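Remarks on the structure that follows.
The values are calculated or read from the model by the stated rules, or taken from the named source; none is laboratory data. Predicted, not measured: the structure shown is a model, and the values here were computed from it. Note that each Cβ is placed from the backbone with ideal geometry, even for glycine, and that neighbours are counted across all protein chains shown. Surface areas here come from the heavy atoms of the whole protein model, side chains and all, with no ligands, DNA or RNA. Shrake-Rupley method; radii C 1.70, N 1.55, O 1.52, S 1.80 Å.
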Amino acid sequence: MKYQITIGWLYQDLMNTYGDRGNVICLKKRCEWRNIDCNIIELNIGFNKEELKKCDLLFMGGAQDRQQRIVTKDIKGEKSKIIKKMIDDDKVPGLFICGAYQFLGNYYKEADGKIIECLEILDLYTESPKKNKKRLIGNIALKSNLFEGEPYTLIGFENHGGSTYLGKNLKPLGKVMTGYGNNGEDNTEGVIFNNIIGTYLHGPILPKNPLLADFLIRAALKRKYKNGILEKLNDKLEIKARKAIANKLGVEL
Ligand code: GLN
């Protein structure tokens, strides 16, 4: 039997910055290299909420505050309720980057104090810095225990104004080795809840961290077919690229 997964790409036209679309390309390729069909549904403003029910994996990239405000209007209500149920009860895997990660929380406070409503799926919140405080920009590396076996170094690039704070019952994706992460204060980066990952890492993150891409594909297949065994791929190039970045950042892989 040929396996098949459907990726729901939320607001790809508005929420897509610093190479985030590369994540979807990476997921598709890593499926195809294993002879798994990968279908992508673009869920743009005005999409029919029923489309969400077809999705085995969700992806949403980052954006600036203006786009986040536009998307809020479309996603609040029924769509957000369905997404919450998918994440909480159905354990659908997903990757939410930067502005999309902020969306998962309780609220996002802009620099002028205005509140952008969020999905209230995870107990976290984001606040923009007061005037004159710098944005959190640069290459970033973190250690994550997400994967069975040795802790894995995740590498990416961050560029955000907002600082995110996790509620006490939430687990971060990893511990910052270099860079800022969630807020530049508590050494945490991102969040992991059920099979959902929120993170500030652009890059795009998945080609730079193939284990993370496979974590998402495996979770999708496990849910759908009760079988998450993935054929090993030749990641020689990816490993070489990771080494080069790690050397540049002065961190160990
Ligand atoms: N608007 C958000 C911030 O600056 C998100 C930025 C992004 O997604 N790159 O904090």
Report task. Could you name every one of the strands (runs of 3 or more DSSP E) located completely within the range 128-203 that has at least 2 residues being over 18 Å from G105 (Cβ atoms) and within 16 Å of the ligand (Cβ to nearest atom)? Result -> 136-144, 152-160
Query - Residue among G113, G77, G138 that alone is out of contact with any His (no Cβ under 8 Å at 6 or more places or on another chain), over 30 Å from I41 (Cβ atoms) and modelled with pLDDT under 95 - result: G113
Query raised in the report: Can you find even one residue in the range 163-179 that is crowded, with 23+ Cβ neighbours inside 10 Å and farther than 19 Å from E127 by Cα?
Result: yes
Query raised in the report: Looking at (1) more than 16 Å from the ligand (Cβ to nearest atom); (2) open to solvent by less than 40 Å² (accessible area, probe 1.4 Å); (3) in contact with a strand residue (DSSP E or B) (Cβ under 9 Å, 6 or more places away or on another chain), can you tell me which one P210 breaks?
Result: (3)
Requested in this report: Mind listing just one residue for me: the one in the range 134-161 that is in contact with a strand residue (DSSP E or B) (Cβ under 9 Å, 6 or more places away or on another chain) and basic (K, R) and, of those, farthest from I196 (Cα to Cα)?
Outcome: R135
Query raised in the report: Of the residues N35, N44, which single one is away from the ligand (no atom under 16 Å from the Cβ), touching an Asp or Glu at 6+ places or on another chain (Cβ under 9 Å), in contact (Cβ under 8 Å) with a residue 24 or more places away in the chain and open to solvent by 60 Å² or more (accessible area, probe 1.4 Å)?
Result: N35
Report task. Say whether the condition of being closer than 26 Å to K224 by Cβ and either of a type in the set (S, T, N, Q) or more than 16 Å from the ligand (Cβ to nearest atom) (or both) is met by at least one residue in the range 57-75. Result -> yes
